[in-house]
1. If the requirement is being assigned to a strand (DSSP E or B), over 30 Å from F73 (Cβ atoms) and at pLDDT 90 or above, which of these qualifies: F438, F486?
2. Within region 454-486, how many residues are among the aliphatic types (A, V, I, L, M), in contact with a Phe, Trp or Tyr (Cβ under 7 Å, 6 or more places away or on another chain) and touching a residue at least 24 places away in the same chain (Cβ under 8 Å)?
3. Condition first: modelled with pLDDT under 90 and part of a strand (DSSP E or B). Now tell me which residues in region 341-366 satisfy that.
4. Being in a loop (DSSP other than H, G, I, E, B), at negative phi and at pLDDT below 80 is the requirement here; does P273 meet it?
5. I'd like the residue in region 472-492 that is more than 25 Å from A452 (Cα to Cα) and charged (D, E, K, R) and, out of all such residues, is surrounded by the most Cβ atoms within 10 Å (Cβ to Cβ).
6. Looking for something surrounded by fewer than 17 Cβ atoms within 10 Å (Cβ to Cβ), without any contact (Cβ under 8 Å) to a residue 60 or more places away in the chain, in the same structural domain as D123 (by TED's automatic domain parsing) and farther than 21 Å from A387 by Cα - is there at least one such residue anywhere in region 226-239?
7. On the given criteria, is A541 farther than 24 Å from E424 by Cβ and not assigned by TED's automatic domain parsing to the domain that holds D18?
8. Any idea which of (1) aliphatic (A, V, I, L, M); (2) under 19 Å from D30 (Cα atoms); (3) buried (at least 16 other Cβ atoms within 10 Å of the Cβ) is the one V524 doesn't satisfy?
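The values are calculated or read from the model by the stated rules, or taken from the named source; none is laboratory data. Computed from a predicted structure; not experimentally measured. Because the Cβ atoms are built from the backbone with ideal geometry, glycine has one as well, and the counts that use them run over all protein chains shown.
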Amino acid sequence: MPTETTTGTTVPVQFRDDVTVDLVKHSASDGDVLWAARVSTAGEQSLEELTKDPERSKGLINYLMRDRHGSPFEHNSMTFFVSAPIFVFREFMRHRVGWCLAGDTEITLESEGGSLRRRQIKDLYDLWHHGVEDRMPLSVGGATWHARAGKWMAQVLWQGENHYLGLYESREAADSAMAEFREEHPGARLRRLESVHRDQVRCYDEDTLRAQRARIVDVMESGVKSLIRITTRSGRTLRCSVDHAVLTPDGWRKAGELAAGDAVMTAGTAPSPSEGLVPPSLRRGIGVWTSMQRTRLIAETDTCHLCARTFPRESLALDHVVPVGGDLTKALDERNLAPACEDCHATKSASEQALAQHGGTIGVAVPDAIVDIADDGEEMTYDLSVAGPWHNFLANGIVVHNSYNEESGRYRELQPVFYVPGPERKLVQQGRPGKYEFVHGTAEQHEAVRGAMEESYAHSYAAYQEMLAAGVAREVARATLPVGLFSSMYATCNARSLMHFLGLRTQHELAATPSFPQREIEMVGERMEAAWAGLMPLTHAAFNANGRVAP
């Protein structure tokens with residue numbers, strides 16, 4: 001049904017009464033469950049056991065399901081592409097929030113140039129959703145080495161005048177003098193801290209275990225949760241919920257199923273191939289060109305991109321963010337130049353030369369044994385959603401998983417496809433919550449629902465289009481769109497987590513505990529279950545035979 005905006009633009013609004021669920025990739029079979037269960041007793045012979053006695057295999061899976069031995073059902077993976085109304089994804093998020101991290105968990109961020117820094121996930125959440133204003137004094141300056149006096153000289157530029165603060169025996173004493181001056185001469189200028197919406201996290205290719213980068217898609221507050229504390233031999237700690245998936249040498253496992261002696265994958269390094277030095281004559285030429293850009297690219301007072309402190313221009317040099325030896329094509333690219341203070345620039349240059357001569361290291365994930373796991377109280381928790389294809393990130397140096405990625409209205413124009421209930425959808429609720437049932441509505445009720453929804457959708461999308469045409473940002477304009485808009489996401493799970501989902505989000509005559517899900521989320525669950533049943537028929541049969549309760 002097309003609708004027309006006030007500017008005369010025709011908007012082709014579409015309506016759907018169904019959802020789409022496609023299994024896009026998987027590594028899942030009944031054999032995964034059997035091998036995981038038998039390896040503890042049969043070792044490498046567990047691969048042969050599957051073909052010997054099919055009935056025995058069926059009985060073992062049923063035993064594992066009945067007696068709630070859950071971990072063998074996690075050595076598999078399924079990724080679904082789901083297209084459904086936005087209100088369906090709110091139900092998905094209610095399952096997603098079990099994956100939680102304590103607010104003081106430090107997330108490793110990585111710049112385009114490969115620089116690493118860490119920021120607490122609570123701070124990321126506050127910056128992502130609220131932004132922060134930070135007072136910065138109007139005074140700038142720095143401590144420099146006075147060769148003739150053999151001491152550190154402190155000076156501050158404040159309100160256009162240079163203030164000499166004296167000579168000091170140490171750099172720390174000079175910095176302290178400048179700090180005291182700034183406290184006595186506060187400024188009033190406000191600056192907005194840099195946006196974290198462009199930040200990227202360090203993640204890992206799960207096949208090669210080499211370090212990669214991934215963009216943050218969302219930062220979520222997940223409510224007050226019970227936490228456990230995992231401590232490794234190297235001293236790393238992770239405070240998280242028992243359901244949070246952690247990468248181990250054997251694949252992904254829930255944190256609550258790990259024990260002392262198990263290993264988790266953590267941030268590490270490995271030798272990288274040696275690289276040849278840039279020839280001295282070429283390096284000198286690059287240095288001359290870089291010096292010529294200094295006045296143009298460094299402000300009169302500017303900030304070091306490595307230590308974030310402010311200095312006058314004479315105390316700053318232009319630094320190649322991506323080292324010349326790392327990518328020679330960026331040597332004469334001014335977008336690869338940034339101000340750096342003398343100390344940082346000297347340290348970085350020395351380390352780059354050392355890497356070029358000796359090969360250096362690359363980031364990899366390495367195993368680290370667990371020495372202790374303990375309960376750690378309750379507190380507010382948070383989590384990240386990151387872009388693919390790896391969907392993991394570093395939390396306190398430990399590789400943890402992220403499995404929920406929904407289409408974002410911040411980055412693309414949302415398409416006019418909306419949900420309307422089909423004639424088979426029951427419309428009328430009878431009874432009280434927990435005891436109610438839905439019954440079919442009348443033809444008149446169905447017609448009233450369809451008419452009201454279609455009119456509302458067309459009007460909302462026309463308003464959305466008008467705001468975009470007026471230059472309003474997509475993330476602002478999308479606020480006018482209703483939850484009946486179709487969205488898309490990739491959802492990754494294993495058989496055990498899918499069984500938890502199905503137990504709550506599908507209504508089934510074999511269920512030991514009745515569930516009363518909203519019909520639209522149940523439609524998604526039914527399609528996911530159909531795909532899973534084809535991959536793991538013995539596991540699916542055992543699920544049904546044991547009351548549809550996840551082990």
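1. On the way: F438 fails: at pLDDT 90 or above.
F486 is the lone residue from the list that is assigned to a strand (DSSP E or B), over 30 Å from F73 (Cβ atoms) and at pLDDT 90 or above.
2. Within region 454-486, the first condition is being among the aliphatic types (A, V, I, L, M), and the residues that meet it are 458, 462-463, 467-470, 472-473, 476-477, 479, 481, 483, 485.
Filter again for in contact with a Phe, Trp or Tyr (Cβ under 7 Å, 6 or more places away or on another chain), leaving 477, 481, 483, 485.
The next check asks that each one be touching a residue at least 24 places away in the same chain (Cβ under 8 Å); those that pass are 481, 483, 485.
Adding up the residues that qualify gives 3.
3. The initial filter retains those residues of region 341-366 that are modelled with pLDDT under 90, namely 341-363.
Of everything in region 341-366, those that are modelled with pLDDT under 90 and part of a strand (DSSP E or B) turn out to be C341, T361, I362, G363.
4. Details: in a loop (DSSP other than H, G, I, E, B): yes; at negative phi: yes; at pLDDT below 80: yes.
Spelling it out, P273 is indeed in a loop (DSSP other than H, G, I, E, B), at negative phi and at pLDDT below 80.
5. Only one residue tops the list, namely R474.
6. yes
7. So A541 fails the test.
8. (2)
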